[in-house]
Amino acid sequence: MAPNPLLLSSKTLNPSFFPFSTKALNPRKPSPITCRTSSSSASPPPPQLPVEPEGSGAAAPTRGDRFLDRHNSMSAAALVIKKKDGTKHKKKKPEARASSAVACCYGCGAPLQTTEVDAPGYVDSDTYELKKRHRQLRTILCGRCRLLSHGQMVTAVCGHGGYPGGKQFVSAEELREKLSHLRHEKVLIVKLVDIIDFNGSFLARIRDLAGANPIILVITKIDLLPKGTDLNCIGDWVVEATTKKKLNVISIHLTSSKSLVGIAGVISKIQKEKKGRDVYILGSANVGKSAFVNALLKMMSQKDPVAAAARKYKPMQSAVPGTTLGPIEIEAFLGGGKLFDTPGVHLHHRQAAVVHSEDLPSLAPQSRLRGQSFPAVSEKSTLKDTDDIGLNGFSLFWGGLVRIDVIKVLPRTRLTFYGPRKLQIHMVPTVEANEFYHKELGIILTPPTGKGRAESWIGLEAVRHLQIKFEDHRRPACDIAISGLGWISVEPSGMQLETDSNNAKDDSMRELHVAVHVPKPVEIFVRPPMPVGKTGGEWYHYQELTEKEEELRPQWFY
């Protein structure tokens, strides 16, 4: 009797019949079931199963199988093409980020070391080992910061302050490289700009550092503006100048780290926009970043215990460019995210890049600015509007750093200087200017201070000729801004000049021609006049904008 095919063991069946077999991944036409027995060949054949079309039924590949086959075939083809071309595409290494594992000086951010006494970050070996044993390395202030805290001008950046550099110096490029990782990360940028040196400290290449990250623009040192200045006009002037630069600025704040004006508004904006991200303070050298961080911590410590604890080890402040030499990590927020005080970006076109470190304090205004006008015209002056008050053919020296030759001026035109009071202004005939400069440099024309520094002084090698037109006699024509120093307002005296109809037709009669001499790297900016002083609010006109422009313009706060 022939065995029943339905009772056969699975070992006697063809494995291709089962859908979970490995051979079932390649679908085939089903074959009839046969048994391997020693029975007679006369047994009836087993019943035939219905034939299904190829690629369907229980043995059909799933969607996942098809995806894997396609993916493997594409990978194999790409590998063949790669071998054929013989080229290898190397992956770009991610930018190095400042490691928080390395112990750094809390004052300047330089890595702590015990070998080079003159280099930044030096600590006595005994002190280092004691603090390391007690896990208190983050509480160490290096030797250079101790000298800075006592008023000594100890520079550490080569090429700035008259130093050629050496083993103990770091370069400005190395400091900038420490910030290069920011453009690849999602952070919040707080960018600082000095209102006294607005154009020179703005950082034209801020996109290279910030990338697409949002920027909170903080204008510092507004307490130094001349008395009677309308801050509403200043805020609108800053927004107008910032909008032209097309940056991702979400808000603008007018602040003073000394008087804490506007700091509360910055804290509120940071807490709103931070969203768990780290906050980086960016700005040019000597723009006031460390002072701003200290002001932030002081305000935040009133309600935040974390910020109060961080105030014990706050960053160092000094007039030396390059006080901060590395990112300083500060635990300042209770809800996540850290605050970083960063090294200042050194700009070669500022006066601080050419002045000796001992003369740097003379470039930093310590009190409210007061414009010095030349020629000085009193309110009781009996001069008529048509009288020439004597600027033609004269040169004005702003210390030993700037010389302005007045080649051609309109009647009753004056130059008003806004900058540090320590820099005296002298006016001499242009024909005697060269002799006067070489004779008095280092004596009354300072900086440079002293004959020794005057002999090594690079001189006023760069000359820029400016032709300026008066468009409206009721307001200054423009500002001539000297990078790293201040600005000079070009204005008609009295603001009540009546233009003659014949002169209005002749454009050449309404031109001012001057030549400005500065050290070679220093830049000169010609900009719309800043509305400072009591008269600024009288002549300044707010710019009318469309609804679309109003939406794109960042809001400013004070």
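The values are calculated or read from the model by the stated rules, or taken from the named source; none is laboratory data. All of these numbers come straight from a predicted model, not from anything done at the bench. Glycine gets a Cβ as well: all are built from the backbone with ideal geometry, and neighbour counts include every protein chain shown. Note: accessible area is taken over every heavy atom of the protein model, side chains too, but ligands, DNA and RNA are not part of it. Shrake-Rupley method; radii C 1.70, N 1.55, O 1.52, S 1.80 Å.
Within segment 499-506, not a single residue is out of contact with any helix residue (DSSP H, G or I) (no Cβ under 9 Å at 6 or more places or on another chain) and at pLDDT 80 or above.
Per-residue answers, yes or no, for (1) hydrophobic (A, V, I, L, M, F, W, C); (2) closer than 20 Å to TYR542 by Cβ; (3) in contact (Cβ under 8 Å) with a residue 40 or more places away in the chain; (4) not assigned by the TED database to the domain that holds ALA364:
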{"position": "GLU461", "(1), (2), (3), (4)": "no, no, yes, no"}
{"position": "GLU471", "(1), (2), (3), (4)": "no, yes, no, no"}
{"position": "CYS478", "(1), (2), (3), (4)": "yes, yes, yes, no"}
{"position": "ILE482", "(1), (2), (3), (4)": "yes, no, yes, no"}
{"position": "ILE488", "(1), (2), (3), (4)": "yes, no, yes, no"}
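Considering only residues in segment 143-186 that are part of a loop (DSSP other than H, G, I, E, B), at pLDDT 80 or above and in contact with a Pro (Cβ under 9 Å, 6 or more places away or on another chain), the one that is most open to solvent (accessible area, probe 1.4 Å) turns out to be LYS178. For segment 247-260, a residue qualifies if it is under 21 Å from ILE234 (Cβ atoms), assigned to a loop (DSSP other than H, G, I, E, B) and of a type outside the set (A, V, I, L, M), and the qualifying residues are THR255, SER257, LYS258, SER259. Summed over segment 438-462, the residues that are in a helix (DSSP H, G or I) and open to solvent by 20 Å² or more (accessible area, probe 1.4 Å) give a count of 7. Answer yes if at least one residue in segment 280-298 is polar (S, T, N, Q), open to solvent by 30 Å² or more (accessible area, probe 1.4 Å) and in a helix (DSSP H, G or I), and no otherwise. Checked segment 280-298: no residue is polar (S, T, N, Q), open to solvent by 30 Å² or more (accessible area, probe 1.4 Å) and in a helix (DSSP H, G or I).
The residue that is farthest from the chain's Cα centre (by Cα), counting only those in segment 333-382 that are among the polar types (S, T, N, Q), within 19 Å of GLY533 (Cβ to Cβ) and modelled with pLDDT under 90, is SER381.
Considering segment 261-279, and only residues there that are part of a helix (DSSP H, G or I) and of a type in the set (Lys, Arg), the residue that is nearest to ASP194 (Cα to Cα) turns out to be LYS269.
Every condition in (1) open to solvent by 10 Å² or more (accessible area, probe 1.4 Å); (2) part of a strand (DSSP E or B) is met by ILE216 except one, and the failing one is (1). A count restricted to segment 456-490 and to residues that are among the small types (Gly, Ala, Ser) and more than 15 Å from LEU415 (Cβ to Cβ) stands at 5.
Residue pairs whose Cβ atoms lie under 6 Å apart, separated by 6 or more positions or on different chains, with the first residue in segment 197-218 and in contact (Cβ under 8 Å) with a residue 12 or more places away in the chain and farther than 22 Å from ASP479 by Cβ and the second among the hydrophobic types (A, V, I, L, M, F, W, C) and open to solvent by less than 30 Å² (accessible area, probe 1.4 Å), are LEU209/LEU179; LEU209/LEU182; ALA210/ILE189; ASN213/VAL187; ASN213/ILE189; ILE215/ILE189; ILE215/VAL249; ILE216/VAL190.
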